[in-house]
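Written below as structure tokens is the structure these notes are about.
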Amino acid sequence: MSQGAPISKTRRKQAVHELQALGEELVELKEERLAAIEMPERLRDAVMAARSITSHEARRRQLQYIGKIMRKVDPAPIRAALDVWRSQSSSHTAAHKRAEAWRERLLNDEAALSAFLQEYPQADARHLRILISAALRERAANQPPRSFRELFQALRALIEKK
């Protein structure tokens with residue numbers, strides 16, 4: 001499109017809906033993350049008000065109001081902050097799944113410990129062997145999975161350090 005060409009009605013509505021969705025993300029944020037985002041006081045007040053509304057229709061109208069305020073605000077810094085948190089969350093989830101996979105592999109395959117130690121040479125092999133054998137004993141005796149959880153936590157700590 002050229003510089004002087006008007007923006008279509010469809011594109012304008014799409015942009016409004018995107019801003020409203022961004023406002024809805026702000027409403028769903030945890031308190032400390034919301035406080036960390038730089039935004040006008042009017043927008044912050046509207047977001048805080050939306051958090052306390054329980055009526056579906058009233059909440060919908062408040063979200064529309066937040067979208068209206070968002071049209072006058074530069075959304076780039078807000079989007080940037082949300083993107084950083086999303087990427088942190090996805091890397092945390094990936095580490096969690098990787099630790100779960102390693103735990104299962106270590107409990108089901110005796111040769112897996114040497115593979116894990118090759119990938120994570122900083123790991124304490126003795127401590128991992130103790131946790132693995134304790135988790136296997138717990139599983140065999142049908143006991144609460146205390147060592148099973150400890151093994152997971154140790155693996156996740158190693159994976160997140162790497």
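The values are calculated or read from the model by the stated rules, or taken from the named source; none is laboratory data. In this text the structure is predicted, and so the values were computed from the model without any measurement. Cβ: placed from backbone, ideal geometry, glycine included. Neighbour counts: every protein chain shown. Note: accessible area is taken over every heavy atom of the protein model, side chains too, but ligands, DNA and RNA are not part of it. Shrake-Rupley method; radii C 1.70, N 1.55, O 1.52, S 1.80 Å.
The table that follows gives values for the structure above.
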quantity: Relative contact order (%) - segment 5-162, alpha-carbon pairs under 8 angstrom, separation at least six; calculated: 20
quantity: Portion, in percent, of the accessible area of the chain that falls on carbon or sulfur, probe 1.4 Å; calculated: 52
quantity: Full-extension gain in nm, ALA80 to HIS127, via 0.36 nm per residue minus C-alpha separation; calculated: 12.8 nm
quantity: Rounded FRET efficiency, nearest 0.05, which uses the C-beta distance separating GLU32 from SER114 and R0 of 45 Å; calculated: 0.60
quantity: Gyration tensor over alpha-carbon atoms, segment 1-64, equivalent ellipsoid semi-axes in Å; calculated: 28, 16, 9
quantity: Reciprocal mean inverse distance between Cα atoms of the chain - Kirkwood radius, Å; calculated: 19.9
quantity: Trypsin sites (Lys or Arg not before Pro) within segment 59-102, DSSP loop, no more than 16 other Cβ atoms inside 10 Å; calculated: ARG71, LYS72
quantity: Excluding exposed DSSP-loop GluC sites (Glu not before Pro) (at most 11 other C-beta within 10 Å), longest clean stretch of the chain; calculated: 39-109
quantity: Accessible area (Å², per residue) of the chain, counting only protein heavy atoms and a probe of 1.4 Å; calculated: 67
quantity: More than 14 angstrom apart: percent of Cα pairs within segment 42-97; calculated: 65
quantity: Using θ = phi - 60° and Karplus 6.51 cos²θ - 1.76 cosθ + 1.60, couplings along segment 59-74 (whole Hz; Gly, Pro as x); calculated: 5, 4, 5, 5, 5, 5, 4, 4, x, 5, 5, 4, 5, 9, 10, 6
quantity: Spin-label pair VAL16/ALA141, simplified geometry with 7 Å Cα→Cβ offset, distance in nm; calculated: 6.6
quantity: Lysine pairs with alpha-carbon atoms under 19 Å apart, segment 1-153, spacing 8 or more or separate chains; calculated: 4
